[in-house]
1. Take region 134-189 and flag every residue that is at pLDDT 90 or above, over 23 Å from S82 (Cα atoms) and hydrophobic (A, V, I, L, M, F, W, C).
2. Of the residues that make up region 53-75, is at least one of a type in the set (D, E), open to solvent by 50 Å² or more (accessible area, probe 1.4 Å) and within 21 Å of E164 (Cα to Cα)?
3. Could you check region 27-38 and list, in sequence order, the residues that are open to solvent by 100 Å² or more (accessible area, probe 1.4 Å) and either touching a residue at least 24 places away in the same chain (Cβ under 8 Å) or not basic (K, R) (or both)?
4. Within region 162-182, track down each residue that is open to solvent by 20 Å² or more (accessible area, probe 1.4 Å), in a helix (DSSP H, G or I) and not β-branched (V, I, T).
5. I'm trying to understand the selection: among the residues of region 48-74, which are part of a loop (DSSP other than H, G, I, E, B), in contact (Cβ under 8 Å) with a residue 40 or more places away in the chain and under 11 Å from the mean Cα position of the chain (by Cα)?
6. Return the residues of region 1-26 that are surrounded by fewer than 10 Cβ atoms within 10 Å (Cβ to Cβ) and either assigned to a helix (DSSP H, G or I) or touching a Pro at 6+ places or on another chain (Cβ under 6 Å) (or both); say none if nothing qualifies.
7. Would a scan of region 76-97 turn up a residue that is surrounded by 18 or more Cβ atoms within 10 Å (Cβ to Cβ) and in a loop (DSSP other than H, G, I, E, B)?
8. Scan region 110-155 for residues that are within 20 Å of the chain's Cα centre (by Cα), open to solvent by 50 Å² or more (accessible area, probe 1.4 Å) and touching a residue at least 60 places away in the same chain (Cβ under 8 Å) and report the count.
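The values are calculated or read from the model by the stated rules, or taken from the named source; none is laboratory data. Quantities reported herein were computed from a predicted structural model and do not represent experimental measurements. Ideal geometry is used to build each Cβ from the backbone, glycine not excepted, and the neighbour counts take in all protein chains shown. These area figures cover heavy atoms from the full protein model, side chains too; ligands, DNA and RNA do not enter into them. Shrake-Rupley method; radii C 1.70, N 1.55, O 1.52, S 1.80 Å.
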Amino acid sequence: PCEENCQRHTVMGEETISIQLLERTCAAEKEKKERRTFELDPLPQKAAVVGAGPAGLACALYLSRKRYGVTVFEREPGWGGSLAGHEKFGIFEEEFKKKFDMTDGNEGSVIWKFGQEITSLDQLEGFDLIFIATGAGGNDFGLLDGFDQKLGTTKNPKVFLGGELGGLSKTEGMARTLDTSKAMESWLQ
């Protein structure tokens, strides 16, 4: 039935794809071949993420996967934010390393600045985008007033807020960061 309704034939007037030949080829292939990957050049825009807690890590991951240069600033000596005190933090940390491709000696594509507190947005002058996720009660740099919780936008068009700083739970903060990262990308474009 797939071949009879193949769009290559019905729409384009070409020969249909032979399902039988595809299945034979798959069955005849004895060994699994390594899939080739193509590395795309990083984009010229740079993003700063202030805070390496759940929302900050989510934002860094989303933006780095879109090929933006990402630098994460965290005042503590390591990542995790409010998760760092969790009894199973070691499991979380291993997952972070996998997500950021930091296994087997690979350093990943995100630049990590642990033990470096950002006290003024002037310190981030060279960045095209800034995401602030300093946790509940953290420094909002005076931008919490006028903050849009759904998109993470602030009165400064290149600065976005998220996570527990914006009154969200850890889970909500990570989930909303996807929408915020899309808003960040839209603003750049």
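1. A183, M184, W187
2. Of region 53-75, the ones of a type in the set (D, E) are 74.
If we keep only those that are open to solvent by 50 Å² or more (accessible area, probe 1.4 Å) as well, we get none.
No, region 53-75 has no match at all.
3. Of everything in region 27-38, those that are open to solvent by 100 Å² or more (accessible area, probe 1.4 Å) and either touching a residue at least 24 places away in the same chain (Cβ under 8 Å) or not basic (K, R) (or both) turn out to be E31, E34, T37, F38.
4. Quick first cut of region 162-182, residues open to solvent by 20 Å² or more (accessible area, probe 1.4 Å) only: 164, 167, 169-172, 174-176, 178-179, 182.
Adding the requirement that they be in a helix (DSSP H, G or I) leaves 164, 170-172, 174-176, 178-179, 182.
Within region 162-182, E164, K170, E172, M174, A175, R176, L178, D179, K182 qualify.
5. K66, Y68
6. Q20, L21, C26
7. Scanning region 76-97 turns up at least one residue that is surrounded by 18 or more Cβ atoms within 10 Å (Cβ to Cβ) and in a loop (DSSP other than H, G, I, E, B).
8. So the count comes out to 2.
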